[in-house]
Amino acid sequence: MTRDWGSRDPAFVALIERVRSAVTRIVADEGYTTVPMQGSGTFAVEAMLGTLIPRNGHLVVMVNGAYGRRMVSLAERMGRTVTAIEHAESEPVDPNRLDAVLNDLPDVTHVAVVHCETTTGILNPVAAVSTVCVQHGKSLLIDAMSAFGAIPLRASEVSFDAVAASANKCLEGVPGIGFVVVREDVIQASSGNAHSMSLDLYDQWHRLDRDGQFRFTPPTHVLAALDAALAQHAVEGGTEGRGRRYDDNRIRLVGGLRALGLSTFLTDEKQAPIIITVEAPDNPNWDFHTFYDALTKRGFAIYPGKLTQAETFRVGCIGQVFPADIDRFLVAAAEILADMGI
Ligand SMILES: *Cc1c(COP(=O)(O)O)cnc(C)c1O
């Protein structure tokens with residue numbers, strides 16, 4: 001990131017190509033291409049929905065948290081017909097409910113699902129959702145933002161048209177770019193669908209396909225960091241190796257939190273090794289901001305809860321975080337809770 005890359009320089013064009021093929025290889029062997037999109041992850045999701053769903057298309061979204069709801073809002077803003085299948089935030093989405101909706105609504109063209117719903121950290125059954133889509137002949141679009149590179153997803157096993165993710169979650173790059181891994185025949189057929197110029201994934205792909213360059217200024221330093229992050233991902237053993245470390249973190253963290261008398265929001269079989277939602281202690285001395293600030297002073301950053309139904313906070317398993325860091329976190333949390341009289 002300390003090197004000033006020329007955005008149309010041959011060395012940078014080669015870096016873009018290296019990043020695109022390394023990202024594609026994480027989920028597919030052939031027939032797919034990666035289209036990077038400047039911005040945060042939501043920009044990539046918006047580009048995916050807006051470009052791959054025709055203007056007269058009909059999207060069904062499987063919703064069990066904020067990121068599913070965000071896809072519903074995005075599709076509504078673009079003026080696409082959208083049907084939400086709402087689930088409780090504590091439950092994985094139900095492929096049988098999708099089957100029933102697809103039987104009732106034959107004009108549906110696309111289905112969208114979140115792989116790990118980061119609102120709670122719940123793992124959704126994308127393979128079973130994909131099977132239902134195949135049976136009904138519908139296109140599946142996956143928001144795998146918080147799972148990509150740590151939770152296995154292979155196009156040879158799970159049929160999908162496209163998957164959106166970003167540089168700064170399990171790939172451990174820095175924020176500033178997202179991407180969509182999309183079937184080559186699907187992106188080729190998507191010209192003219194997009195509602196937006198800057199978020200037109202087809203145009204972005206078309207220019208990259210022609211001369212390997214972005215249409216508009218790319219975040220050069222961010223892409224250079226992603227190139228390095230992808231190399232580190234490979235060294236760690238790819239999705240399998242990284243997923244194993246995150247799962248070690250999860251086991252340590254969940255066990256340690258329970259030993260402190262805290263409860264997780266999800267049962268273990270629903271929990272992905274990405275982020276853990278913890279129920280706030282049922283104690284009058286509890287105050288999230290006091291807990292948060294004390295952890296920050298000791299070098300730990302946690303996340304507030306994102307649920308409406310219960311007071312919670314969240315602790316991540318991902319990033320350059322190892323079981324020894326989790327142990328240090330648990331010691332700090334125990335001391336802070338004791339100081340708070342909890
Ligand atoms: C992080 C995340 C996003 C994108 O969030 P941004 O803040 O736009 O990067 C989308 N979906 C899921 C499931 C996520 O975890």
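The values are calculated or read from the model by the stated rules, or taken from the named source; none is laboratory data. Keep in mind that this is a model prediction, so the values were computed, not measured. Neighbour counts run over all protein chains shown; Cβ positions are idealised from the backbone, glycine included. Surface accessibility is based on the protein's heavy atoms, side chains included, excluding ligands, DNA and RNA. Shrake-Rupley method; radii C 1.70, N 1.55, O 1.52, S 1.80 Å.
At-a-glance table
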quantity	calculated
Principal axis dimensions, largest first and in whole angstrom, of region 185-232 by Cα	36, 22, 19
Within the chain, percent of DSSP bridges classed antiparallel, to nearest 5	60 percent
Gained length - GLU311 relative to ARG210, 0.36 nm times residue gap less alpha-carbon distance	31.3 nm
Hydrodynamic radius by Kirkwood, which averages 1/r over all alpha carbon pairs of region 50-146, in angstrom	13.1 Å
At q = 0.15, 0.21 Å⁻¹, base-10 log of I(q)/I(0) for region 1-122 (Debye sum, equal scatterers on each alpha carbon)	-0.83, -1.22
Stretch in the chain that is longest and holds no trypsin sites (Lys or Arg not before Pro) that DSSP places in a loop and that have at most 16 other beta carbons within 10 Å	56-153
Equivalent ellipsoid semi-axes, the chain, via Cα gyration tensor eigenvalues times 5, rooted, Å	34, 26, 17
Cα-Cα P(r), region 191-337, percent of pairs per 5 Å interval	2, 8, 14, 16, 13, 10, 10, 10, 8, 6, 3, 1, 0
Value at 222 nm in deg cm²/dmol, rounded to 500, when DSSP H runs of n ≥ 4 in the chain each add -39,500 (n - 2.57)	-13500 deg cm²/dmol
GLU236 versus HIS221: modelled label distance in nm, points set 7 Å from Cα along the beta carbon direction	2.3 nm
Protein accessible area in the chain, 1.4 Å probe - carbon and sulfur %	50 percent
Per-pair calculated FRET efficiency, R0 = 22 Å: ASP248 and ALA301 via Cβ, rounded to 0.05	0.65
Label zone at GLU269, where the point sits 7 Å out along the Cα-to-Cβ direction: region 90-132 residues whose backbone N lies under 15 Å	91-93, 123-125
Accessible solvent surface per residue of the chain, calculated while the other protein chains remain in place, 1.4 angstrom probe, Å²	42 Å²
Lysines whose Cα lies under 25 Å from that of LYS297, excluding same-chain neighbours fewer than 8 positions away	LYS169, LYS306
Length gained when the stretch GLU279-ASP325 is fully extended (0.36 nm per residue, less Cα-Cα span)	14.4 nm
Convex hull per residue volume in Å³, alpha carbons only, for region 159-211	109 Å³
Environment charge of TRP205, counting only residues whose C-beta is closer than 14 Å and scoring Lys/Arg +1, Asp/Glu -1	-3
Hydrodynamic radius by Kirkwood, which averages 1/r over all alpha carbon pairs of region 109-233, in angstrom	15.8 Å
FRET efficiency estimate (nearest 0.05) - Cβ-Cβ, GLU86 to GLU30, R0 45 angstrom	0.75
